[in-house]
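Everything below concerns the one structure shown next.
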Amino acid sequence: MANQDTQFFGHPRGLATLFFTEMWERFSYYGMRALLILFMVAPVASGGLGFDKTKAGAIYGLYTGTVYLACLPGGWIADRILGAKKAVLMGGVLIALGHVCLALPLLNTFYFGLLLIVCGTGLLKPNVSALVGSLYDKGDIRRDSGFSIFYMGINTGATIAPIICGYVGQRVNWHYGFGLAALGMMAGVIQFWFGSKQFSEIKPSETVVTESTATLRKWLVAALGLVCIAGALHIFGMIEITAISISNTFGVLLVITVVASFGGLLFFGDWTREERQRLGVILVLFLAACIFWSSFEQAGSTLNLFAQEHTATQLLGIDFPASALQFVQPGALILLAPLLAGIWLKLGNSGPTTPMKFVMGLAFVGLSFFLMAAAAKTLAPGVKASVIWLIGCYVLHAVGELCLSPVGLSAMTKLAPRNLVGLMMGLWFMATSVGNFISGRLAGAYDGMPIAQLFTIVGMVGIGSAIFMLFLTRPIVKMMGGVR
Ligand code: PHE
């Protein structure tokens with residue numbers, strides 16, 4: 001039962017619990033992500049893994065891509081088996097254990113740790129958001145602002161983590177940095193354990209649980225079978241399993257999943273004309289979101305490498321590690337969010353429509369890469385780029401995220417045909433997954449061409465798709481059938 005409780009800035013007390021749970025989860029995620037690619041490419045002599053960038057980028061893309069794809073089964077498991085509260089708790093424990101594995105200086109625990117974080121985030125991330133939604137009654141006007149406050153929790157965690165984990169990881173010891181991420185998640189779990197008593201569980205019925213457990217077991221057995229077959233083929237020398245080949249396979253599966261989902265929806269669904277048109281709009285928004293996230297999420301991959309190798313990371317006389325710079329984007333978002341919200345409010349109905357906000361998001365992120373291409377052009381032997389370039393780039397990312405991300409999520413829910421809201425949310429996470437995967441693979445191209453050229457291409461894709469989308473805004477608005 002949702003409530004009229006106003007204990008947390010006019011919102012239900014449960015929002016405070018969920019705010020801090022997600023803050024700590026994002027603290028652990030972004031603290032570790034700030035270090036991940038740098039740790040993989042750092043020479044063994046300095047405590048790193050000594051991977052080349054192709055391999056590191058493939059693993060980074062595989063990991064960050066699967067983290068968000070895991071939100072699909074994670075949402076399903078909570079809806080049909082565990083209930084959201086238990087799913088969040090279990091997810092948090094798995095994530096903390098994953099970071100503990102990374103805190104150990106062993107290669108095998110490194111891979112196992114990544115796997116645990118993927119499973120844990122899949123269980124936690126979609127369901128903690130679902131719980132936020134469940135705090136409010138259907139017509140409660142506080143819902144949207146509740147989600148905005150929650151988004152601040154996400155970005156508070158994302159802002160402090162790179163500074164703390166990045167500093168300790170790069171300046172003291174990589175594994176201590178990962179250990180701090182583990183501690184952060186543990187704080188989140190303890191806090192959720194005590195705080196979650198304030199709201200009730202959304203529980204599935206006994207029959208649904210029994211049926212779904214059987215289905216889940218079948219899928220797990222099938223997955224385990226496939227892993228065993230692939231392992232056997234590898235042992236007999238018939239295929240070669242490497243980090244890159246697993247990452248490639250994931251990429252192919254991701255494309256097949258996207259094509260099958262939209263193909264199935266558009267061609268086999270029994271829709272009215274209006275519903276079909278809206279699905280068409282969802283497809284366009286989905287593709288635009290994939291392009292946006294594949295540029296934006298390079299914060300942890302190519303831009304992180306650029307910070308490490310080519311940027312003079314001193315500001316106001318302070319010399320800080322490259323990974324710490326990751327705090328700029330979420331920090332700028334926290335500062336800019338009220339400003340943008342104020343502008344949208346002031347403009348009201350004459351403000352930009354949903355597709356127009358997508359155009360703006362793509363344009364900002366495209367521009368940011370032209371800025372970085374210019375930064376790369378200032379490089380000369382022995383001369384590093386000023387940190388101002390990356391700061392400018394991340395501020396543009398923050399504005400882009402504010403234009404596209406919240407409006408994208410709400411468009412998915414508003415445009416979804418009957419009973420398919422959950423699936424549309426899943427597709428939205430899938431766009432993040434695609435974007436993250438591409439951002440990782442682009443890090444593999446980092447050494448293969450001049451950096452200015454790579455950043456120019458990324459910038460051109462962003463601006464090009466913004467222009468393309470601009471031409472589509474009118475027909476899209478028409479096809480949205482009254483939804484703004
Ligand atoms: N900064 C956002 C977050 O960490 C990025 C994101 C958006 C992730 C949408 C998943 C889905 O939550």
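From the list Ile95, Ile77, the one residue that fits, being β-branched (Val, Ile, Thr) and within 16 Å of the ligand (Cβ to nearest atom), is Ile95. Just to be sure before I move on: is Tyr30 touching a residue at least 40 places away in the same chain (Cβ under 8 Å), in a helix (DSSP H, G or I) and within 13 Å of the ligand (Cβ to nearest atom) in the structure I sent? So Tyr30 fits the description; yes.
Listed here are the residues, each with its yes/no results for (1) without any contact (Cβ under 8 Å) to a residue 12 or more places away in the chain; (2) not polar (S, T, N, Q).
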position: Ala299; (1), (2): no, yes
position: Gln326; (1), (2): no, no
position: Ala337; (1), (2): no, yes
position: Leu347; (1), (2): yes, yes
position: Ser350; (1), (2): yes, no
position: Thr354; (1), (2): no, no
position: Phe358; (1), (2): no, yes
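For Leu107, the conditions (1) farther than 25 Å from His11 by Cβ; (2) buried (at least 22 other Cβ atoms within 10 Å of the Cβ) are fulfilled apart from (2). The residue of the stretch 362-410 that is nearest to the chain's Cα centre (by Cα), among those that are surrounded by fewer than 19 Cβ atoms within 10 Å (Cβ to Cβ) and within 15 Å of the ligand (Cβ to nearest atom), is Leu409. Are any residues in the stretch 411-432 away from the ligand (no atom under 13 Å from the Cβ) and not hydrophobic (A, V, I, L, M, F, W, C), and if so, which ones? Correct list: Thr413, Lys414, Pro417, Arg418, Asn419, Gly422. The residues of the stretch 300-326 that are more than 13 Å from the ligand (Cβ to nearest atom) and within 17 Å of the chain's Cα centre (by Cα), listed by number, are Ser301, Thr302, Leu303, Asn304. Meeting the requirement of 2 or more residues that are over 23 Å from Leu340 (Cα atoms) and touching a Gly at 6+ places or on another chain (Cβ under 8 Å), the helices (runs of 4 or more DSSP H) wholly within the stretch 377-484 are 421-444, 451-479. Here Arg273, Arg278 are screened, and the one residue that is among the charged types (D, E, K, R) and touching a helix residue (DSSP H, G or I) at 6+ places or on another chain (Cβ under 6 Å) is Arg278. The sole residue among Ile246, Ile241 that is β-branched (Val, Ile, Thr) and part of a helix (DSSP H, G or I) is Ile246.
Select, from Thr159, Thr109, the only residue that is in contact (Cβ under 8 Å) with a residue 60 or more places away in the chain, closer than 20 Å to Ile37 by Cα and of a type in the set (Val, Ile, Thr). Quick ask: steps written out before the conclusion?
Details: Thr109 fails: in contact (Cβ under 8 Å) with a residue 60 or more places away in the chain.
Only one candidate qualifies: Thr159.
Of all the numbered requirements in (1) farther than 21 Å from Thr64 by Cα; (2) at pLDDT 90 or above, Lys478 misses one, and that requirement is (2).
Each row is one residue, and each column tells you yes or no for (1) more than 16 Å from the ligand (Cβ to nearest atom); (2) outside any helix (DSSP H, G or I); (3) more than 22 Å from Asp140 (Cα to Cα).
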| position | (1), (2), (3) |
| --- | --- |
| Thr6 | yes, yes, no |
| Gly14 | yes, no, no |
| Ala45 | yes, no, yes |
| Gly48 | yes, yes, yes |
| Gly65 | no, no, yes |
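The values are calculated or read from the model by the stated rules, or taken from the named source; none is laboratory data. All values derive from a computational prediction rather than experimental measurement. So basically every Cβ, Gly included, is an ideal-geometry build from the backbone, and we count neighbours across all protein chains shown.
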